[in-house]
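Asker: Below is a structure I'd like to ask you about.
The values are calculated or read from the model by the stated rules, or taken from the named source; none is laboratory data. Model, not experiment: these values are computed from the prediction. Quick reminder, even Gly has a Cβ in these numbers, built from the backbone with ideal geometry, and neighbours come from all protein chains shown.
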Amino acid sequence: MSHDNPHVPGASLWPIGFAIGVACLLLGLVISWIVAAIGAVLAVGFGLLWARDVTRDVREEVPEIEAETRQGADAPVAAQPAAAPAPLPTYTRSRFLEASTLGLGAAIGAVVTLPVLGFMVLPSFTNLEESEADLGPIDNFPVDTFVIASYLANPSAGEVTRRTAFVRNNGPAEGGEPSFTILYSRCVHLGCPVQPNGPIDESKTKNVDGVELRPVLAQSFGCPCHGGLYDAEGNRQAGPPVRSMDRYTFSIRNGRLVLGELYAVGNVTGRGASATISKYPWSTPGTHVDGVEAWLYPIVPSQVTG
Amino acid sequence: MAAKSKKDLLVENAILAPLDWVDERTAAVRGTKWFLFRHVPRDVSWAQTLGSAALTAFIVQTVTGVVLAMYYEPSSVINPETGKPVAYSSIEAITNELTLGWLVRGMHRWGASVFVILLFLHMGRVFLYGAYKYPRELTWITGVLILVTGMLLGFTGYLLPWDQTAYWATVVGINLNGTAPFAGPWLAQFLSTGPEIGSETLAKWYSLHMLVLPGAIIGLIGVHIYLVTRLGVSSPPWSSEAAGRERTPVEPAGTRAGLVRGGGD
């Protein structure tokens, strides 16, 4: 084979299988681990077959060495063994030492590096505390008024864990059960603290078991950083935010309002107890959760780690 | 040759002989000469000193940073004496109480801006002079990596005072990273060690700021300077000297008589 010719791999069907495997793997990460495992097996299997196919020329190219022949001037000195077997590639001591040094070095490096890398990355995604927050008796939340509830998510860790929620008691829903609209104060543009646009009724400020409750006359929320504006349901009215304000799930226990986990909101139609909320797993501020742009964020950490 | 004077002998025995001894074993003297005594084009100017200026600014950052690390405490726990986080209180102590702390912190704080500004000026000079062209492409690429690492050093250092500006600027910065397609939310959660910035964020960023990123940038600067030394300083575009050629110390015989065309080229 001449080296002037490009080595073009022959046509192969394996890449199609490989692509199906990768697609199956990505889909499985969202849907279920079993599908992901099947996808991984398919991708690895077809990938290996593809690699074998593509490298066939390179691997099987054995230089054809013709045994050197000389016409002896004298009588043929016992006809030379015409086809002397091509010398086998030798595997010398130095080659062995080279390979074992590299191999052992790589193995030691992997044994040392992988746990360290894992320790660096994984704690950010595992064993995250899902702490609930008790905001006190629901009587403290007047109907149809927003209350700024400020509390420490982890009191022992101090002020850095202070969270603020805007809580509105919607009164009883159709079925008679209590309904609350609980917006998280962080802007879904880039995470600045959103402020209610209205006066705070300082005379009615309460402190219930370390939770500060301040009623506010506000029908909209604004972010001081880049001018994001939200209405009373948390829908974006103006500015750069890409979705509606995040909300808390909640439960009522012994007449007390308990905040659960955060979730992201695409859009809210209707208002108060009769609102229709498009709910998504929580994601970083600035990331779309619905529409075409959400394709840019197919898998977010909260979908995988809960 | 005349007999050596007493002074020459003294110099030879006291300085040159030990240097020879070291050089024979380490090539340190030859290496230093190789690094320092280089041919440069005739028409270099102050513009070619921006890289050295940036290096000087980096050395200032290293020295002041090492000393600041002796007094700074990266903890978000509330200091019972001051009622403020330990990190912020230690910055206050460095600035207001410890002798000369205000100066060293000021050097580090303003020097960071100086370093980044000099990096950009140096990059602009190299770009406008076309000094990134063959054979200096890898010098440019390592320079870009140095710029990125320098910006990351600025980004991570900004959080350490642990005041409101630092906190919210970092919230915005991390969430900006979070908007990158596909990997963004993962990167943001890694940077803040969880969904929100907390005490672990401060410790992680301190480690990044004073161990990981300085290690990386020092390695990159080493490669960058090695390449500059190896390839030499390029001539400006308007130079009559060909870029990258060594100056011929003596004109070849016959040049003046017009026997050799083109002279030194």
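Asker: So which strands (runs of 3 or more DSSP E) are wholly in the range A:113-205 and hold at least 2 residues that are more than 29 Å from B:K84 (Cβ to Cβ) and touching a residue at least 12 places away in the same chain (Cβ under 8 Å)?
Answerer: Details: elements: A:133-137, A:146-152, A:162-172, A:178-184.
Qualifying strands (runs of 3 or more DSSP E): A:162-172, A:178-184.
Every residue, every condition in (1) of a type outside the set (D, E, K, R); (2) touching a residue at least 12 places away in the same chain (Cβ under 8 Å); (3) touching a Leu at 6+ places or on another chain (Cβ under 7 Å), yes or no:
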site: A:G260; (1), (2), (3): yes, yes, no
site: A:N267; (1), (2), (3): yes, yes, no
site: A:R271; (1), (2), (3): no, yes, no
site: A:S274; (1), (2), (3): yes, yes, no
site: A:I277; (1), (2), (3): yes, yes, no
site: A:S283; (1), (2), (3): yes, yes, no
site: A:D290; (1), (2), (3): no, yes, no
site: A:E293; (1), (2), (3): no, yes, no
site: A:L296; (1), (2), (3): yes, no, no
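Asker: Give me the residue from the range A:243-268 that is within 14 Å of another protein chain (Cβ to nearest Cβ) and of a type in the set (S, T, Y) and, out of that set, farthest from B:I174 (Cα to Cα).
Answerer: By that ranking, first place goes to A:Y248.
Asker: Working only within the range B:63-76, note down all residues that are surrounded by fewer than 15 Cβ atoms within 10 Å (Cβ to Cβ) and either under 27 Å from B:I225 (Cα atoms) or in contact with a helix residue (DSSP H, G or I) (Cβ under 7 Å, 6 or more places away or on another chain) (or both).
Answerer: B:V63, B:V66, B:A69 - these are the residues of the range B:63-76 that are surrounded by fewer than 15 Cβ atoms within 10 Å (Cβ to Cβ) and either under 27 Å from B:I225 (Cα atoms) or in contact with a helix residue (DSSP H, G or I) (Cβ under 7 Å, 6 or more places away or on another chain) (or both).
Asker: Still on this structure: Name the one entry in A:P155, A:P224, A:P193, A:P199 that is under 34 Å from the mean Cα position of the chain (by Cα) and over 27 Å from A:K279 (Cα atoms).
Answerer: Being under 34 Å from the mean Cα position of the chain (by Cα) and over 27 Å from A:K279 (Cα atoms) holds for just one of A:P155, A:P224, A:P193, A:P199, which is A:P155.
Asker: Go through A:P241, A:P215 for me and flag whichever is in contact with a His (Cβ under 6 Å, 6 or more places away or on another chain) and surrounded by 15 or more Cβ atoms within 10 Å (Cβ to Cβ).
Answerer: After ruling out the rest, the residue left standing is A:P241.
Asker: Out of A:A110, A:A173, report the one residue that is touching a helix residue (DSSP H, G or I) at 6+ places or on another chain (Cβ under 6 Å) and surrounded by fewer than 15 Cβ atoms within 10 Å (Cβ to Cβ).
Answerer: A:A173
Asker: Got a sec? Which of B:G184, B:G173, B:G194 is at pLDDT below 90, out of contact with any Lys or Arg (no Cβ under 9 Å at 6 or more places or on another chain) and closer than 30 Å to A:C223 by Cα? If you could, list the steps in order and put the result at the bottom.
Answerer: On the way: B:G184 fails: at pLDDT below 90; B:G173 fails: at pLDDT below 90.
None of the other options fit; the residue is B:G194.
Asker: B:L213 - would you say it is crowded, with 19+ Cβ neighbours inside 10 Å, assigned to a helix (DSSP H, G or I) and more than 8 Å from chain A (Cβ to nearest Cβ)? Step through it out loud before you land on a result.
Answerer: Numbers: crowded, with 19+ Cβ neighbours inside 10 Å: yes; assigned to a helix (DSSP H, G or I): yes; more than 8 Å from chain A (Cβ to nearest Cβ): yes.
Criteria met by B:L213.
Asker: Report those helices (runs of 4 or more DSSP H) wholly inside the range B:53-157 carrying at least 2 residues which are in contact with a His (Cβ under 8 Å, 6 or more places away or on another chain). Walk me through it before giving the result.
Answerer: On the way: elements: B:86-96, B:101-128, B:137-157.
In the range B:53-157, B:137-157 are the helices (runs of 4 or more DSSP H) which contain 2 or more residues that are in contact with a His (Cβ under 8 Å, 6 or more places away or on another chain).
Asker: Pairs please, first residue from the range B:71-83 and more than 13 Å from chain A (Cβ to nearest Cβ), second anywhere and surrounded by fewer than 17 Cβ atoms within 10 Å (Cβ to Cβ) and in a loop (DSSP other than H, G, I, E, B), Cβ atoms under 7 Å, 6+ apart in sequence or on different chains.
Answerer: B:Y71/B:L98
Asker: Kindly evaluate A:V143 against the criterion of being more than 14 Å from every other protein chain (Cβ to nearest Cβ), closer than 18 Å to A:L257 by Cα, of a type in the set (V, I, T) and exposed (fewer than 14 other Cβ atoms within 10 Å of the Cβ).
Answerer: For A:V143, the condition - more than 14 Å from every other protein chain (Cβ to nearest Cβ), closer than 18 Å to A:L257 by Cα, of a type in the set (V, I, T) and exposed (fewer than 14 other Cβ atoms within 10 Å of the Cβ) - is met.
Asker: Kindly check whether there is at least one residue in the range B:146-161 that is within 22 Å of B:T229 (Cβ to Cβ) and either among the hydrophobic types (A, V, I, L, M, F, W, C) or over 27 Å from the mean Cα position of the chain (by Cα) (or both).
Answerer: yes
Asker: Give the number of residues within the range A:269-297 that are out of contact with any strand residue (DSSP E or B) (no Cβ under 9 Å at 6 or more places or on another chain) and facing another protein chain (nearest Cβ under 7 Å). Before the answer, list the steps.
Answerer: Narrowing the range A:269-297 to residues out of contact with any strand residue (DSSP E or B) (no Cβ under 9 Å at 6 or more places or on another chain): A:284, A:286, A:292-293, A:295-297.
From what is left, the residues that are facing another protein chain (nearest Cβ under 7 Å) are A:284, A:286, A:296-297.
Matching residues across the range A:269-297 total 4.
Asker: I need a count of the residues in the range B:161-190 that are part of a helix (DSSP H, G or I), in contact with a helix residue (DSSP H, G or I) (Cβ under 7 Å, 6 or more places away or on another chain) and within 8 Å of chain A (Cβ to nearest Cβ).
Answerer: Residues flagged as part of a helix (DSSP H, G or I), in contact with a helix residue (DSSP H, G or I) (Cβ under 7 Å, 6 or more places away or on another chain) and within 8 Å of chain A (Cβ to nearest Cβ) within the range B:161-190 amount to 9.
Asker: May I pose another question? Name the residues in the range B:37-52 that are of a type outside the set (A, V, I, L, M, F, W, C) and part of a loop (DSSP other than H, G, I, E, B), would you?
Answerer: Residues satisfying the conditions are B:R38, B:H39, B:P41, B:R42, B:D43, B:S45.
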